[in-house]
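The values are calculated or read from the model by the stated rules, or taken from the named source; none is laboratory data. Bear in mind that the values here come from a model prediction, so they are computed numbers and not experimental data. Because the Cβ atoms are built from the backbone with ideal geometry, glycine has one as well, and the counts that use them run over all protein chains shown.
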């Protein structure tokens with residue numbers, strides 16, 4: 001077996017040869033050594049990634065006790081988030097109540113830190129005996145910042161652009177409303193940088209500030225484009241201040257469980273979470289960080305991340321999701337396995353171009369091995385649908401059945 005130094009020497013030599021290689025016509029010949037989004041730099045970067053089992057994976061022989069492993073691995077994740085505000089009273093306030101027929105929709109606000117007040121909607125079913133199970137529904141990224149929580153809700157006068165977005169990613173459904181009709185008390189917040197928490201600048205026009213029904217699709221697209229371009233600057237500014245964007249995102253979600261569990265309509269012993277894309281990332285991390293989550297559904301966000309390095313970091317690891325140093329200790333399926341013994345349904349699409357297929361398969365295999373070792377193999381299901389990046393009707397039907405099976409009693 002070659003040493004790391006020998007590997008780097010060979011990699012560097014191979015990259016130089018690839019740069020120099022030409023065909024009979026004198027034109028450069030494409031080389032596998034450059035077949036990466038980062039070209040000739042890839043061999044070095046890949047050589048620095050963890051080889052073999054990750055140091056804090058539950059599959060390592062030294063981890064025989066699930067609670068002990070969770071304390072150590074969860075502690076490392078929390079440390080790397082570099083964000084731990086003081087706990088505070090949520091000081092929840094109900095701003096509006098609307099009867100939607102099958103459920104009551106409340107517009108609320110509550111604190112997740114002493115400085116952050118989060119806007120949210122809570123949906124309370126009308127025909128279900130209370131207290132009922134609760135669901136934290138987590139919206140996606142989607143390069144769509146103009147609205148956040150509204151992506152999952154039924155609202156009067158919904159903008160056609162939002163309707164089209166739901167049609168593309170959610171089979172045209174408002175999944176928070178679907179869950180409320182199924183008998184869950186559902187809470188949906190705006191993620192930092194989305195919806196009511198979007199970034200506004202001093203000279204922004206009234207349509208970006210007020211989001212009237214008359215705002216044009218072109219103006220919405222322009223706002224989303226501006227926000228996407230500014231993500232890197234916001235992320236770098238956050239890192240420069242000494243914390244992480246992911247820390248804010250995950251902290252808000254855990255504190256949302258605090259609020260949901262405090263409501264008299266909710267049975268705090270039966271709380272689940274669900275999300276697509278970055279909502280899936282949030283769902284996995286919420287279950288990993290909070291034992292009050294008894295069942296989680298992760299849609300469109302699961303892979304072993306060493307397999308992502310070559311070509312799939314570009315659209316999967318932005319500043320919103322980056323936890324510096326995490327993959328020195330835990331792979332992404334290792335993080336998701338922190339949910340154990342909670343039930344976990346993981347759904348990916350085989351045509352989802354965000355993820356390297358071999359990495360998706362490896363993550364499914366690792367999750368299954370972790371749940372077997374913990375003694376809960378029946379509490380995990382991984383499914384691959386022949387679809388792109390979406391949460392379609394068939395996926396939703398399976399997700400709702402999974403949640404009902406694990407939260408019903």
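From the list 109, 73, exactly one residue is farther than 24 Å from residue 304 by Cβ and touching a residue at least 12 places away in the same chain (Cβ under 8 Å). Which is it? I'd like the intermediate steps shown before the answer.
On the way: 73 fails: farther than 24 Å from residue 304 by Cβ.
Checking each option against the conditions leaves just 109.
May I ask you to say which residue of 318, 359 is surrounded by fewer than 21 Cβ atoms within 10 Å (Cβ to Cβ) and touching a helix residue (DSSP H, G or I) at 6+ places or on another chain (Cβ under 9 Å)? Let's see the steps before the verdict.
Details: 359 fails: surrounded by fewer than 21 Cβ atoms within 10 Å (Cβ to Cβ).
Result of the check over 318, 359: 318.
For the range 92-171, which fully contained strands (runs of 3 or more DSSP E) count at least 2 residues that are under 30 Å from residue 316 (Cβ atoms) and assigned by TED's automatic domain parsing to the domain that holds residue 183?
Working: elements: 93-99, 103-111, 117-125, 132-138.
Answer list for the range 92-171: 117-125, 132-138.
Give the range 154-187 a look and list any residue that's closer than 20 Å to residue 259 by Cα and surrounded by fewer than 24 Cβ atoms within 10 Å (Cβ to Cβ), or say none. Give the steps one after another, and end with the answer.
Taking the range 154-187 as the starting set, the residues that turn out to be closer than 20 Å to residue 259 by Cα are 176-177, 179-180, 183-187.
Those that are closer than 20 Å to residue 259 by Cα and surrounded by fewer than 24 Cβ atoms within 10 Å (Cβ to Cβ): 177, 183.
Results for (1) at pLDDT below 95; (2) surrounded by 15 or more Cβ atoms within 10 Å (Cβ to Cβ); (3) over 28 Å from residue 243 (Cβ atoms), shown as yes or no for each residue.
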position: 20; (1), (2), (3): yes, no, yes
position: 25; (1), (2), (3): yes, no, yes
position: 29; (1), (2), (3): yes, no, yes
position: 39; (1), (2), (3): yes, no, yes
position: 46; (1), (2), (3): yes, yes, yes
position: 96; (1), (2), (3): no, no, yes
position: 103; (1), (2), (3): no, yes, yes
position: 112; (1), (2), (3): no, yes, no
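Which residues, counting only those in the range 258-288, are in a helix (DSSP H, G or I) and out of contact with any strand residue (DSSP E or B) (no Cβ under 6 Å at 6 or more places or on another chain)? Talk me through it step by step, then tell me what you get.
Keep residues of the range 258-288 that are in a helix (DSSP H, G or I), which gives 258-262, 278-288.
Listed by number, the residues that qualify are 258, 262, 278, 281, 285, 288.
Residue 249: within 17 Å of residue 149 (Cβ to Cβ) and either without any contact (Cβ under 8 Å) to a residue 24 or more places away in the chain or outside any helix (DSSP H, G or I) (or both), yes or no?
Numbers: within 17 Å of residue 149 (Cβ to Cβ): yes; either without any contact (Cβ under 8 Å) to a residue 24 or more places away in the chain or outside any helix (DSSP H, G or I) (or both): no.
Spelling it out, it is not the case that residue 249 is within 17 Å of residue 149 (Cβ to Cβ) and either without any contact (Cβ under 8 Å) to a residue 24 or more places away in the chain or outside any helix (DSSP H, G or I) (or both).
Against the conditions (1) closer than 24 Å to residue 329 by Cβ; (2) surrounded by fewer than 13 Cβ atoms within 10 Å (Cβ to Cβ); (3) modelled with pLDDT under 50, where does residue 7 fall short? Just the number, please.
Condition (2) is where residue 7 drops out.
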